[in-house]
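Some notes on the structure that comes next.
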Amino acid sequence: MSNEEIKEHQLYISSFRVLWQLWKKNRRLITSKKMFLKILFFTAISAPFRWFQIIRFRREIKAVNLDKSPPVFVIGHWRSGTTHLHYLMAKDPRFSCLEAFQAFFFRVALVSKRTMKPLLNRLMPKTRPQDNVSINAAAPTEEEHPLTNLTHRSSMHSFFFPRNQSYFTKYHLFKTSEKSILKWKKSYKAMLKEISFYNGQDKTLLLKNPHNTGRIKILLELFPDAKFVFIHRNPYEVYQSTKHLYKSTIRSQFLQEINDSEITECVLDCYELVMKQYLDLKDSIPESQLVEIAYSDLSKDPISCLKNIYDTLKISGFDKVQPIFDSYLEKQKDYQKNKFKALPDGIRSEVKKRWGFAFEAWKYPY
């Protein structure tokens with residue numbers, strides 16, 4: 001699928017308050033005004049359903065207790081294998097995940113599940129445009145997607161407004177005020193309660209979100225007993241795949257235009273800042289709550305990788321769920337990864353210079 005086929009926008013079912021905040025900060029550089037008006041239109045027509053969902057479910061969602069079973073966070077830079085790992089672990093029926101339908105219709109998902117979910121299944125592509133991974137309305141999805149519609153404090157907004165990287169700085173790296181951090185925490189925890197309510201509260205949330213990679217300090221403040229699975233990949237491969245992600249998917253969501261050299265700088269800068277922050281913060285995670293794995297190991301021997309995750313994080317019952325993992329992996333055996341041309345020498349040198357710390361941290365050859 002080419003990026004021209006992705007015609008819809010993540011912000012369609014937002015709120016007037018969120019859209020006003022985004023418009024106020026970015027209006028001078030918005031080039032896709034037609035798309036912004038389309039977003040405003042869908043926000044307007046969804047308003048009665050959004051308000052009904054709030055009125056109908058507010059008390060029940062507020063009563064959800066996430067402390068009984070703290071979340072498991074799958075983290076790592078984009079294109080490092082987080083989705084593959086998320087899909088695998090999600091096969092354990094003791095976990096609950098944000099599904100694609102709820103992610104993209106979050107504000108109306110509870111009142112429209114019966115009618116809209118089957119419709120979304122018919123309209124969605126069968127695979128993701130960036131990597132041909134199978135997808136449907138029930139597919140596990142990262143929670144940063146609905147966060148963009150619930151608050152103007154999401155680092156993903158820097159994908160929509162690429163000339164305003166303050167969203168990334170403030171809400172991924174959290175270089176912002178304590179007041180702003182407290183408001184982000186409130187929005188994020190309320191969203192997780194709603195995800196848990198939607199899926200059934202007797203399960204542990206399994207959350208995959210590359211935007212959480214730099215948020216360890218904040219996430220531990222919210223959930224001191226949370227568990228983290230960090231996955232890393234050869235930086236050269238991450239660079240190539242991330243550039244492809246922009247071309248195939250992210251660029252279709254731009255409401256401001258940037259050129260290819262600016263995208264390259266975004267990719268280089270983001271990885272450098274996020275991964276350095278992760279390395280600075282990872283020692284704050286108790287040893288029994290963090291496991292690191294390599295994408296190459298997950299690809300070669302996924303069962304051993306999964307067993308290591310379960311053993312390190314003290315998640316019981318691996319032997320009981322291994323047959324489920326085996327069955328899923330058997331169905332995926334014909335999956336073909338993206339193939340890319342060799343990096344030009346100039347880009348390869350820049351990646352080596354800017355990301356050299358990552359090659360050293362995880363023992364990748366230069």
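Every number in this text was worked out from the coordinates using simple rules, so none of it is lab data. Predicted, not measured: the structure shown is a model, and the values here were computed from it. FYI the Cβ positions are ideal-geometry reconstructions off the backbone, even for glycines, and counts take in every protein chain you see.
Brief remarks on what is shown
- About its Cα centre, the dipole of the range 3-361 is roughly 1620 debye, where the only charges are +1 on Lys and Arg Cβ and -1 on Asp and Glu Cβ.
- Dividing the convex hull volume of the alpha-carbon atoms in the range 169-321 by its residue count gives 156 Å³ per residue.
- Annotation: the residues 142, 257, 360, sorted from fewest to most other C-beta atoms within 10 Å of their own C-beta, follow the order 360, 257, 142.
- Value in Å of the Kirkwood radius, where the chain supplies the Cα pairs that are averaged: 21.3 Å
- Structural descriptor for the chain: relative contact order 25 percent, calculated from alpha carbon pairs under 8 angstrom and at least 6 residues apart.
- Stretch gain in nm, segment residue 178-residue 37, where the contour uses 0.36 nm per residue and the Cα spacing is subtracted: 47.4 nm
- At most 10 other Cβ within 10 Å, DSSP loop - chymotrypsin sites (Phe, Trp or Tyr not before Pro), the range 278-340: none
- DSSP H segments from the chain that extend 30 Å or more along their own axis, Cα-based, with Kyte-Doolittle mean of -0.5 or above: 33-62, 260-281
- Against the empirical 2.2 N^0.38 Å (N residues), the range 34-193 has a Cα radius of gyration ratio of 1.09.
- Take each peptide in 75-84, 143-152, count the other Cβ atoms within 10 Å of every residue, and average; sorted highest first, the result is 75-84, 143-152.
- Rounded Å value of the spacing that divides the Cα centres of the range 176-238 and the range 1-70: 20 Å
- Over 28 Å (Cα to Cα) - which of 193/217; 227/247; 91/170; 186/227; 34/247 fall in this group: 227/247; 91/170
- Distance between the modelled labels on residue 199 and residue 8, one decimal in nanometres: 2.1 nm (7 Å Cα→Cβ projection).
- Rg(Cα)/(2.2 N^0.38 Å) for the range 272-366, N = residue count: 1.39
- Structure note, pairs 307/331; 113/185; 185/352; 208/300: Cα-Cα distances above 25 angstrom occur for 113/185; 185/352.
- Sorted by Cβ neighbour density within 10 Å, fewest at the top, the residues 267, 64, 18, 229: 64, 18, 267, 229
- Just checking the listed ones, 224, 71, 162: in the Gaussian network model of the chain with Cα springs under 10 Å, the one fluctuating most is 224.
- Estimated FRET transfer efficiency when R0 is 30 angstrom, pair residue 91-residue 265 (beta carbons, to 0.05): 0.20
- Neighbour-count ranking [beta-carbon atoms within 10 angstrom, fewest first] of 94, 59: 59, 94
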